[in-house]
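Worksheet for the structure shown next.
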Amino acid sequence: MQFTDAVTVAGKPRRIADGYLVATAKCVRVGIQLYTGDELGKPELPIVRVYRPAEEVFARDSLQSFSHAPITIDHPKEPVTTDNWKELSVGEVSTAARQVDDWVELPLIFKDAAAIAQIEGGKRELSAGYVADFDFTPGTTPSGEPYDAVQRSIRINHLALVDEARAGSQARVGDSAKTWGAAPITLPKADERKSDMSDNLRTVVVDGLSVMTTDQGALAIDKLQKAVADAQTKLTNAETAHKTALDAKDTEIGALKADLKKAQDAAGVDVSKLVADRVALEAQVRAIDSGIDPVGKSDDDLRKATVAAKLGDEMVKDAAPAEIAGMFKALTKDAKPNDAVRDALRTQDHSILTNDAWGDNVFANAGVGMKKGA
């Protein structure tokens, strides 16, 4: 896997014969570094603590890989090889790398005039581009610090002259690292923590509590807090929607209860009185005009038809129901309703007729013989 790492230039670069520029740099140190899980193919882990043990940093093969490693302007998009060295290289690690305390120290020489001009113009930071293997076996360092993986088989490919070598608490997959590899956050050693605490740790507030953490830890905390806030927003929206639905249902239930009460009140109407009033009204109508058919007419329509029949259509045109009711009352004041039974009795022939044939037939059907004159 490909990585970048900040290179510390020790001392002031100086010119030598033929105009070359030489300098000494520190690169790759022993200790624990932090990487984001995404950078190492472990998206389920927000932060991975990677240990670089001394036996790997100062391994013979690893140190030899630094010797005459090319220097480039920014990190190239691909490893420096014999095929592209001529186009990419502006200098090299001049002699063998060596161990100085926990660091690998490198003697550098810049040979390209344009590169030297950039350095003297302010482009002074270096970033190491190297490859290494990862052993995802957790453990504890000799000083008691836990780690999640071990970096092994470290091989330098090149050193890059960059505008800003992102390191320490600002490291990410950086400007040049986008075309090369992952950049770490290096934890301070135990004896450095007091003096470097402000550079490597920051304070974040979690649920009202101040917590000291690295920038990577702060990013992880911020991500979790946003996730919690999003979940709370979704819950609040769901509760609001639920309450709105309940309110709508309560409104519907209230309307149904009101309709039911109206129906119950309507059921309490005195139907007998309604029938009696209708019968009386129809009798009054017949007394005035027996030719009016009451079927299908409301009380108001029946009164209107009666007044129109008696007084003419102009009298009821545009007249209000109450006005028509007054005219109807005046018409029926002296009118006597027809009594069908009374009229029938008045006109009926009361003579008693004999029907011998009918009587004989009834008795014959009963099996009784009758003799006339008996």
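Checking the conditions here, which among V7, V48 is buried (at least 21 other Cβ atoms within 10 Å of the Cβ) and either in a helix (DSSP H, G or I) or modelled with pLDDT of 85 or more (or both)?
Details: V7 fails: either in a helix (DSSP H, G or I) or modelled with pLDDT of 85 or more (or both).
Within the list V7, V48, the selection yields V48.
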Of A132, A128, A160, which residue is closer than 17 Å to R49 by Cα, modelled with pLDDT of 80 or more and in contact with a Ser or Thr (Cβ under 7 Å, 6 or more places away or on another chain)?
A132
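Given the structure, is A17 more than 30 Å from T141 (Cα to Cα), modelled with pLDDT under 90 and not basic (K, R)?
It is true that A17 is more than 30 Å from T141 (Cα to Cα), modelled with pLDDT under 90 and not basic (K, R).
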Members of the range 131-141 found to be surrounded by fewer than 15 Cβ atoms within 10 Å (Cβ to Cβ) and touching a helix residue (DSSP H, G or I) at 6+ places or on another chain (Cβ under 9 Å), listed by number:
F136
What strands (runs of 3 or more DSSP E) completely inside the range 60-147 contain at least 3 residues that are under 48 Å from the mean Cα position of the chain (by Cα)?
125-135
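Could you say whether any residue in the range 288-305 is without any contact (Cβ under 8 Å) to a residue 12 or more places away in the chain, assigned to a helix (DSSP H, G or I) and out of contact with any helix residue (DSSP H, G or I) (no Cβ under 6 Å at 6 or more places or on another chain)?
As a first pass, look at the range 288-305 and keep what is without any contact (Cβ under 8 Å) to a residue 12 or more places away in the chain: 293, 295-298, 301.
With assigned to a helix (DSSP H, G or I) added as a condition, the list becomes 301.
With out of contact with any helix residue (DSSP H, G or I) (no Cβ under 6 Å at 6 or more places or on another chain) added as a condition, the list becomes 301.
Yes, there is a match, as at least one residue in the range 288-305 is without any contact (Cβ under 8 Å) to a residue 12 or more places away in the chain, assigned to a helix (DSSP H, G or I) and out of contact with any helix residue (DSSP H, G or I) (no Cβ under 6 Å at 6 or more places or on another chain).
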Could you tell me whether the range 73-85 includes any residue that is buried (at least 18 other Cβ atoms within 10 Å of the Cβ), more than 30 Å from P142 (Cβ to Cβ) and not hydrophobic (A, V, I, L, M, F, W, C)?
yes
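Residues Q225, Q216, Q232: which one is assigned to a helix (DSSP H, G or I) and over 23 Å from the mean Cα position of the chain (by Cα)? I'd like the intermediate steps shown before the answer.
Values: Q225 fails: over 23 Å from the mean Cα position of the chain (by Cα); Q232 fails: over 23 Å from the mean Cα position of the chain (by Cα).
It is Q216.
The values are calculated or read from the model by the stated rules, or taken from the named source; none is laboratory data. Computed from a predicted model, the values in this text were never measured in an experiment. A quick note on method: Cβ atoms are made from the backbone with ideal geometry, for glycine too, and the neighbour counts reach across all protein chains shown.
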